[in-house]
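To start, the structure itself, in structure tokens.
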Amino acid sequence: MQTYRISSEYSKFPGSRYINECMHSGEDFRKNHLSKIVKECLDNNQTLLIDLDGTAGYSTGFLEEAFGGLIRENIFRLSDLLTTLRFKSD
């Protein structure tokens, strides 16, 4: 299992949905970080634990664009994401 902690590997202050709206947007996270690590985990048959703890919080736009965008943009199949992604939020 591979772990990706958003607060230390991306930002403690995730922003809103789109790149043109702010730094550290859901779109930026998906395009420049999440897609690559998900692909790597799929290629290596690994589970990816996304650790959501340690940030100032998440907007719904950030979460939907980052994770929903993986399917909406036809980047990955839902069945692959359901078997690969896990989430931690304490």
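Tabulated values for the structure
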| read-out | value |
| --- | --- |
| Counted charge near SER25, where neighbours are those whose Cβ lies closer than 12 Å (Asp, Glu -1; Lys, Arg +1) | -2 |
| Convex hull of the stretch 1-51 built on C-alpha atoms - directionally averaged projected area, nm² | 3.3 nm² |
| Global geometry of the chain, whether rounded, prolate or oblate, following the gyration tensor of its Cα atoms and the 1.5 cut on a/c | oblate |
| Probe 1.4 Å, protein heavy atoms only - accessible area per residue of the chain in square angstrom | 58 Å² |
| For the stretch 1-69, size of Cβ-based charge dipole, Lys and Arg +1, Asp and Glu -1, in debye | 60 debye |
| Protein accessible area in the chain, 1.4 Å probe - carbon and sulfur % | 51 percent |
| CD proxy at 222 nm, helix term only [per DSSP H run n ≥ 4: -39500 (n - 2.57); per residue of the chain; nearest 500] | -7500 deg cm²/dmol |
| Selection from LEU48, ALA66, SER89, by position along the positive dipole direction of the stretch 45-90 (Cβ) | LEU48 |
| Extended-chain gain in nm, criterion 0.36 nm per residue less alpha-carbon gap, ASN74 and MET23 | 15.9 nm |
| For the chain, built as a Gaussian network whose Cα springs stay under 10 Å, the top-fluctuating residue of SER59, SER16, SER25 | SER59 |
| C-alpha center-to-center spacing [the stretch 34-77, the stretch 1-17] in angstrom | 10 Å |
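The values are calculated or read from the model by the stated rules, or taken from the named source; none is laboratory data. Computed from a prediction, not measured in an experiment: that's the story for all the values here. Cβ: placed from backbone, ideal geometry, glycine included. Neighbour counts: every protein chain shown. Quick note on the areas: whole protein, heavy atoms, side chains included, nothing else; ligands and nucleic acids left out. Shrake-Rupley method; radii C 1.70, N 1.55, O 1.52, S 1.80 Å.
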